[in-house]
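Beneath this line is the structure, given in structure tokens, with notes to follow.
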Amino acid sequence: MKYTRILLKLSGEALMGQQQYGIDAERLMQYASEIKTAAATGVQVAVVIGGGNIYRGVQAEAFGLDRVQGDYMGMLATVINSMALQSALEKLDVSTRLLSGLTIQRVCEPYIRRRAVRHLEKGRVVIFGAGIGSPYFTTDSAASLRAIEIEADVVLKGTRVDGIYTADPEKNPLAEKFSEISFDEVIEKNLNVMDMTAFTLCKENNLPIIVFDMNTPGNLERLLNGEPLGTLVSMGGTGRRPRQIQPLSDPKHTALQPLVGNQPEQA
């Protein structure tokens, strides 16, 4: 097995499935099944999930609310999603622990690094809720920080697309996918892999990131088995692409922003 310990970052919006908001039971159980299969291989699995399907902290200012208050509301949304994922995993007989950056003793344990590592060593799936417990930080930042703290081998960012592209592949059929890319190249090309705080944490700690399609059944297991899925971001990425395509020559076309799935998610 290529990895011993992983941090899986999931988008809260992905839990909506085809709904406009909330949690889609079918998508939730699909994710739980994927995680169960991964854990059964012996890989230690930690998970961070966003809360954008319920509430995003950055919405607060648009509603005229205090940003700090909004961020705490967003953290509670991630706890709701974490509880739902925990319940789905336990329904599949997977031993789990939910650790929260906020103290909510009735439903989850407070985050303690040594306790989290011990749970992982015992084969439990560990879910980190409530971001890092502080406002102004996204769940991408929480995923990077927790991955570093527990000494994960890699951050796996599950999105709705199959990697990092030069442009939005849903709008531009000529967009090229990177198979590998370096941290420096991501910054140079202004690709939105994660928010800059989260990305810098990974870069400074030499923690690789793989962006892949989580919505295709079996992808997580295939990735853990070493199949070259998604896009690998590392210190030594090559920027290799599966195909070379000539740029658009039509002057009417304007540049499109790169797409790597969902935008960085507010805790």
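Overview of results
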item: Residues (more than 27 Å from E121 (Cβ to Cβ), touching a residue at least 60 places away in the same chain (Cβ under 8 Å) and open to solvent by less than 50 Å² (accessible area, probe 1.4 Å)) located in the stretch 31-58; result: G51, G52, R56, G57
item: Scan of the stretch 86-129 for residues that are over 20 Å from I150 (Cα atoms), surrounded by 21 or more Cβ atoms within 10 Å (Cβ to Cβ) and free of Cβ contacts under 8 Å to residues at least 60 places away in the same chain, ordered by number; result: L89
item: Whichever residue in the stretch 59-78 is open to solvent by less than 10 Å² (accessible area, probe 1.4 Å) and farther than 17 Å from V126 by Cβ and, among such residues, is modelled with the lowest pLDDT; result: A60
item: Filter result (over 22 Å from T197 (Cα atoms) and part of a loop (DSSP other than H, G, I, E, B)) within the stretch 165-187; result: A167, D168, P169, E170, K171, N172, P173, L174, A175, E176, S179
item: Of the criteria (1) closer than 17 Å to E13 by Cα; (2) surrounded by fewer than 20 Cβ atoms within 10 Å (Cβ to Cβ); (3) in contact with a strand residue (DSSP E or B) (Cβ under 6 Å, 6 or more places away or on another chain), which one N81 fails; result: (2)
item: Flag for R146 being open to solvent by 50 Å² or more (accessible area, probe 1.4 Å) and in contact (Cβ under 8 Å) with a residue 12 or more places away in the chain; result: no
item: Residue match in the stretch 29-43 (condition: farther than 21 Å from P217 by Cβ and not β-branched (V, I, T)); result: no
item: Residue list for the stretch 1-30, restricted to those being within 24 Å of R118 (Cβ to Cβ), open to solvent by 10 Å² or more (accessible area, probe 1.4 Å) and either among the charged types (D, E, K, R) or not in a loop (DSSP other than H, G, I, E, B) (or both); result: K2, R5
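The values are calculated or read from the model by the stated rules, or taken from the named source; none is laboratory data. Everything quoted here is computed from the prediction, not taken from an experiment. Note that we place each Cβ from the backbone using ideal geometry, even for glycine, and neighbour counts take in every protein chain shown. Surface areas here come from the heavy atoms of the whole protein model, side chains and all, with no ligands, DNA or RNA. Shrake-Rupley method; radii C 1.70, N 1.55, O 1.52, S 1.80 Å.
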